[in-house]
Amino acid sequence: MDSYDLLVVGSANADLIVEVERRPLAGETVLGSDLVVLPGGKGANQAVAAARLGARTALLARVGDDANGRMLLDAQRDAGADTTAVLIGGAPTGVALITVDPSGDNSIVVSPGANGRLTPEDVRGAAHLLRAARVVSAQLEIPLESVLEVVRNLLPHNRFVLNASPPRALPPELLAACDPLIVNEHEARVLLGPTAGPDPGAWAAALLALGPRSVVITLGADGALVADPAGATPIPARSVEVVDTTGAGDAFTAALAWRLAQGEPLPTAAAYASRVGAAAVTKPGAQASYPTADQLDAL
Ligand code: RIB
């Protein structure tokens, strides 16, 4: 019997958020809102989103021995995620500098800090969590060799989900393990290069040709596209008032991973995840915007 629906291996950041009327150009200064500091990081966000929905979730991450690290650990525990594998020390907790404009779009610069010290050895030290988890998910804010170590230690009962964010070239060994590879439009274009063209259907086919077992492309207000060698399925989006898109992709990935752990087919899981992602954009912040299952049902 699996102890965890989901093991998230990834980053944890303190999000330093300022609302701006518009982003500064090079050499320019703009004034913004008061600073808000919230728990974030793509890995920590996924773990909180999944746990809040009811998934049995564990997080493998590294934070600094500092106030931001304690804030992140408290947020995980409040959501109900298992933090026994969160490592402490080695560098200050990662920080994300985030601006949010009036349309709800964000720009993010991450200083990885302790995330950059989550090593392949740390991954091997969490072998018991891989044994106990049904789905394992990762992103790319930790060293690539550590994500590769996750893949090398997967067991036959593990399903691996990768959100290729922030995007970078990926080795075939990593791509071959993805079921699915999850990207947004920007990430798809980075992975596919300048010849990508305008058609998400063509992106899905081209991404599948890189080796993943399945692909999910999130398309914001246009929903998502799910594809595997049997074909592609469009997933419609729910129309909502966008307040802040920060962390919506992490909520989508977490919900998808959880529903896959429940045995749902990929299109069904993606439809549920699309609802969760839509809920997440209606409130400010990343983790602060994630619904419980009851709150989602009430929407
Ligand atoms: O995906 C949103 C997240 O990206 C933020 O919480 C920030 O920490 C960066 O990792």
Helices (runs of 4 or more DSSP H) enclosed by region 105-214 - at least 1 residues per element that are of a type in the set (G, A, S): 127-132, 144-152, 172-177, 185-192, 200-209
Pair list, Cβ < 9 Å and 6+ apart or interchain, from region 9-28 residues that are of a type in the set (A, V, I, L, M, F, W, C) and more than 15 Å from the ligand (Cβ to nearest atom) to residues that are modelled with pLDDT of 95 or more and part of a strand (DSSP E or B): V20/T99
Region 92-119, residues that are of a type in the set (S, T, Y), away from the ligand (no atom under 16 Å from the Cβ) and touching a residue at least 40 places away in the same chain (Cβ under 8 Å): S103
From the options G94, G116, G125, residue that is more than 15 Å from the chain's Cα centre (by Cα), under 23 Å from R70 (Cβ atoms) and surrounded by fewer than 17 Cβ atoms within 10 Å (Cβ to Cβ): G125
When residues of region 277-295 are limited to those that are more than 14 Å from the ligand (Cβ to nearest atom) and assigned to a helix (DSSP H, G or I), the one surrounded by the fewest Cβ atoms within 10 Å (Cβ to Cβ): D294
Within region 215-232, considering residues that are in contact with a helix residue (DSSP H, G or I) (Cβ under 9 Å, 6 or more places away or on another chain) and in a loop (DSSP other than H, G, I, E, B), the one nearest to G40 (Cα to Cα): L219
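Determine whether region 233-244 contains at least one residue that is hydrophobic (A, V, I, L, M, F, W, C), in a strand (DSSP E or B) and surrounded by 17 or more Cβ atoms within 10 Å (Cβ to Cβ).
Yes, region 233-244 contains at least one residue that is hydrophobic (A, V, I, L, M, F, W, C), in a strand (DSSP E or B) and surrounded by 17 or more Cβ atoms within 10 Å (Cβ to Cβ).
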Residues located in region 33-91, provided they are assigned to a strand (DSSP E or B), within 12 Å of the ligand (Cβ to nearest atom) and not hydrophobic (A, V, I, L, M, F, W, C): P39, G40
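The values are calculated or read from the model by the stated rules, or taken from the named source; none is laboratory data. Please read these numbers as outputs of a predicted model, since none were measured by experiment. All Cβ positions, even for glycine, are placed from backbone atoms using ideal geometry, and neighbour counts span all protein chains on display.
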